[in-house]
Amino acid sequence: MFAQGNALDTGLKDGEYDIVLDRALIHHIRDLGACFREAHRVMKPGGKFIIQDRTPEDCALAGSPSHIRGYFFEKYPKLLQQEIQRRYSGSEVIDALRQTGFSLTAEFSYWETRKRYEDFEQLGLDLLKRTGRSLLFELTDDELSELVNFIGQRLASGQPIQEQDRWTVWIAEKQ
């Protein structure tokens with residue numbers, strides 16, 4: 001069974017689930033402990049809790065032809081500060097897991113392909129639409145146009161682009 005709900009108060013029964021997944025969620029949560037206590041409550045003993053999000057370190061990586069997001073922060077450092085302020089460090093996540101009765105079984109980072117583009121023109125149009133990038137709503141239309149030009153100057157023209165984002169994953173087990 002798959003269920004979607006409020007991370008702090010799911011309304012689900014105690015001890016019913018084998019797996020709980022928080023994907024790209026915890027940076028929206030102010031009380032990490034409350035979120036993790038709710039996951040703990042609904043899980044069976046031995047259940048797996050999988051959390052995927054970006055840490056400040058993931059966010060601060062330099063821009064490259066595959067890590068386009070890094071160019072956002074190179075051009076507009078104010079965006080990086082906003083992004084980092086809402087992110088938890090790996091140690092904060094691990095501490096909160098342990099404090100709520102979980103045992104960490106794995107922590108790793110990986111690169112996820114966000115999207116493939118035939119060329120920069122496709123990427124530029126996607127950026128201008130702010131597609132799937134809420135952070136870009138922090139920029140004015142003029143700033144966004146400047147960002148697209150900035151990124152265009154750093155990428156080889158006419159080349160396909162495979163845009164990737166780095167994530168950190170924590171896997172924990174309910175004791």
- Item | Neighbours by Cβ (under 7 Å, 6+ apart or cross-chain): first from the stretch 49-64, modelled with pLDDT of 95 or more and part of a strand (DSSP E or B); second hydroxyl-bearing (Ser, Thr, Tyr) and open to solvent by less than 20 Å² (accessible area, probe 1.4 Å) | ASP53/THR168
- What single numbered condition from (1) at pLDDT 95 or above; (2) in a helix (DSSP H, G or I); (3) not basic (Lys, Arg) fails to hold for GLU83? (1)
- Message: Pull out all pairs, ordered by first then second residue, where Cβ-Cβ is under 7 Å, the residues are six or more apart or on different chains, the first lies in the stretch 20-31 and is farther than 11 Å from LEU8 by Cα and in contact (Cβ under 8 Å) with a residue 24 or more places away in the chain, and the second is open to solvent by 30 Å² or more (accessible area, probe 1.4 Å) and outside any loop (DSSP other than H, G, I, E, B).
- Response: LEU21/ILE50
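Just give me the residues in the stretch 1-18 being surrounded by fewer than 12 Cβ atoms within 10 Å (Cβ to Cβ) and out of contact with any helix residue (DSSP H, G or I) (no Cβ under 6 Å at 6 or more places or on another chain), in sequence order. Outline the logic, then answer.
The initial filter retains those residues of the stretch 1-18 that are surrounded by fewer than 12 Cβ atoms within 10 Å (Cβ to Cβ), namely 1-6, 9, 11, 13-14, 18.
If the condition is that a residue be surrounded by fewer than 12 Cβ atoms within 10 Å (Cβ to Cβ) and out of contact with any helix residue (DSSP H, G or I) (no Cβ under 6 Å at 6 or more places or on another chain), then MET1, PHE2, ALA3, GLN4, GLY5, ASN6, ASP9, GLY11, LYS13, ASP18 are the ones that fit.
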- Within the stretch 114-139, considering residues that are touching a residue at least 40 places away in the same chain (Cβ under 8 Å) and either open to solvent by 30 Å² or more (accessible area, probe 1.4 Å) or of a type in the set (S, T, N, Q) (or both), the one farthest from SER157 (Cα to Cα): GLU138
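Which one of these is exposed (fewer than 13 other Cβ atoms within 10 Å of the Cβ), touching a strand residue (DSSP E or B) at 6+ places or on another chain (Cβ under 7 Å) and closer than 30 Å to VAL42 by Cα: SER103, SER91?
Details: SER91 fails: touching a strand residue (DSSP E or B) at 6+ places or on another chain (Cβ under 7 Å).
After ruling out the rest, the residue left standing is SER103.
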- Item | Residue pairs meeting the criteria (Cβ under 9 Å; at least 6 apart or on separate chains; first closer than 15 Å to TYR76 by Cβ and open to solvent by 20 Å² or more (accessible area, probe 1.4 Å), in the stretch 143-157; second in a helix (DSSP H, G or I) and among the basic types (Lys, Arg)) | GLU143/LYS75; GLU146/LYS75; PHE150/LYS75
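Got a sec? Which of GLU173, GLU92, GLU143 is at pLDDT 95 or above, of a type in the set (Asp, Glu) and in a strand (DSSP E or B)?
Values: GLU92 fails: in a strand (DSSP E or B); GLU143 fails: in a strand (DSSP E or B).
Of GLU173, GLU92, GLU143, the one residue that is at pLDDT 95 or above, of a type in the set (Asp, Glu) and in a strand (DSSP E or B) is GLU173.
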- Is it true that some residue in the stretch 67-75 is open to solvent by 40 Å² or more (accessible area, probe 1.4 Å) and either touching a Lys or Arg at 6+ places or on another chain (Cβ under 7 Å) or more than 21 Å from GLN164 (Cα to Cα) (or both)? no
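The values are calculated or read from the model by the stated rules, or taken from the named source; none is laboratory data. What you see is a predicted model; the values in this text were computed from it and never measured. When we count neighbours, we look across all protein chains shown, and the Cβ atoms used for this are built from the backbone with ideal geometry, even at glycine. Accessible surface areas use protein heavy atoms only, side chains included; no ligands, DNA or RNA. Shrake-Rupley method; radii C 1.70, N 1.55, O 1.52, S 1.80 Å.
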